[in-house]
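**Q** Before anything else, here's the structure in question.
Every number here is computed from the coordinates shown, using simple stated rules; none is lab data. Bear in mind that the values here come from a model prediction, so they are computed numbers and not experimental data. Cβ atoms come from the backbone with ideal geometry, glycine included; neighbour counts cover every protein chain shown.
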Amino acid sequence: MKKYTDSGKKDTRSGFGAGLTELGKKNEDVVALCADLTGSLKMDEFKDNHPERFFQVGIAEANMMGIAAGMTIGGKIPFTGTFANFSTGRVYDQIRQSIAYSHKNVKICASHAGLTLGEDGATHQILEDIGLMKMLPGMTVINTCDYNQTKAATIAIADHFGPVYLRFGRPKVANFTPEDQTFEIGKAVQLQEGSDVTIIATGHLVWEALLAAETLNEQGVSAEVINIHTIKPLDKDAVLKSVAKTGCVVTAEEHNYYGGLGESVARVMAENNPSPQEFVATQDTFGESGTPEQLMDKYGLNAEAIVKAALKVIARK
C-alpha cells in the first residue's frame with residue numbers, strides 16, 4: 001500500500017495566492033479583482049508586484065463579476081477573488097448572464113468554502129456552490145485538495161479558455177501532492193490501487209480518504225482512492241474503470257450530497273454501470289459555528305465516516 005506524507009500543513013488559499021503570483025510574472029494578460037478580502041485570498045503579493053493589474057472593487061461582488069466579464073473583451077484573463085458564498089450565491093445572476101451565457105474567459109476563485117470556514121458560521125459556510133456552478137453550461141468546476149494542487153490548478157486554468165470555478169479553503173490541511181505536479185483539467189488522479197471498494201474524494205476529503213484507506217487496509221479491505229479535483233468535466237473513464245473492478249463506490253466531499261460530486265458520480269454509474277454507492281457529505285443541512293475539526297466530526301466528513309461508508313457499501317455488493 002502506497003504511503004503519503006504530509007510535507008507540512010498549509011492552507012489551500014495560500015496555494016492560490018502563490019499560483020496567482022507566479023502567473024503575474026509570466027502572463028501580462030492576467031488581471032486580479034478582489035472584493036475587499038485581499039489578505040484573506042492571499043492576493044497581496046500580486047497586488048504589490050502588479051498594482052496596475054489589480055482592482056479592489058470593495059464589497060460589491062456583483063459589480064466585480066460584471067467588470068471581470070467586460071475585461072475579457074479586451075483580451076484580459078481576470079481572476080476574481082472572494083469567499084465561496086459571495087463568489088456564487090450572492091452573484092449567481094451576474095455569473096449566469098454576464099459570464100456563463102456568453103462564455104467569458106473569467107476565473108472565479110473562491111476561498112473559505114464548506115464547513116471548514118469554521119467559526120464564521122452557517123451564513124458563510126456555503127455547501128451548495130458546486131451544485132450551483134456545475135449546472136451552468138460551459139462552466140468548469142475544480143475543487144483542489146492541498147496547497148500544491150491549488151497552486152498548480154491556479155496556473156493551469158489561465159491557459160484554459162472559458163469560465164472556471166476554482167474552489168479552495170481557509171484552514172491549514174495536509175500538503176501531500178507533488179510540488180512539481182502538472183495539473184490536467186478533467187483528469188482524475190489515482191492515489192491508491194485497490195480491489196474491494198472505490199473511494200472517490202474531492203477537496204479536503206482526499207486526505208481523509210487516504211487515512212480511511214489505511215484503516216481499511218488494516219482490516220483486510222483493499223480500497224482504491226481517486227482524487228477527483230475536476231468535478232466538471234468529470235473523468236468518467238476513471239470512475240467506470242475503477243468501479244468495474246471493485247463493484248462499489250464511496251464518494252466523499254465537503255458539500256451537500258444534493259448537487260455535488262456524489263450526484264455526478266451517481267449519474268455516470270446509472271448511465272453506464274449501476275453499482276452500490278454511499279455518500280459522505282452533509283445531509284441537506286446548513287452548517288453552524290465551531291472549529292473546523294469539530295464541524296467535520298459532527299457532520300461526518302472525516303476518515304472514520306469514510307471507513308463506515310466503505311464497509312456498508314461493500315456489504316451491499
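**Q** Does residue 130 satisfy the criteria of being aliphatic (A, V, I, L, M) and touching a helix residue (DSSP H, G or I) at 6+ places or on another chain (Cβ under 6 Å)? Don't jump to the end; show me each part of the working.
**A** Numbers: aliphatic (A, V, I, L, M): yes; touching a helix residue (DSSP H, G or I) at 6+ places or on another chain (Cβ under 6 Å): no.
Criteria not met by residue 130.
**Q** Just give me the residues in the stretch 168-199 being over 25 Å from residue 134 (Cβ atoms) and in a loop (DSSP other than H, G, I, E, B), in sequence order.
**A** Matches in the stretch 168-199: 174, 175, 176, 178, 179, 180, 193, 194, 195, 196.
**Q** Follow-up. Of all the strands (runs of 3 or more DSSP E) wholly in the stretch 200-317, which have at least 2 residues that are among the charged types (D, E, K, R) and within 21 Å of residue 11 (Cβ to Cβ)?
**A** Values: elements: 223-227, 230-232, 249-256, 277-282.
Counting at least 2 such residues, we get 249-256.
**Q** Of all residues in the stretch 25-36, count the ones that are part of a loop (DSSP other than H, G, I, E, B) and under 16 Å from residue 67 (Cβ atoms).
**A** Applying the first criterion (part of a loop (DSSP other than H, G, I, E, B)) to the stretch 25-36 yields 27-29, 35-36.
Retained after the next criterion (residues that are under 16 Å from residue 67 (Cβ atoms)): 29, 35-36.
Matching residues across the stretch 25-36 total 3.
**Q** Same structure again: Could you look through the stretch 33-46, keep only residues that are out of contact with any Cys (no Cβ under 9 Å at 6 or more places or on another chain) and crowded, with 21+ Cβ neighbours inside 10 Å, and pick out the one that is farthest from residue 72 (Cα to Cα)?
**A** 42
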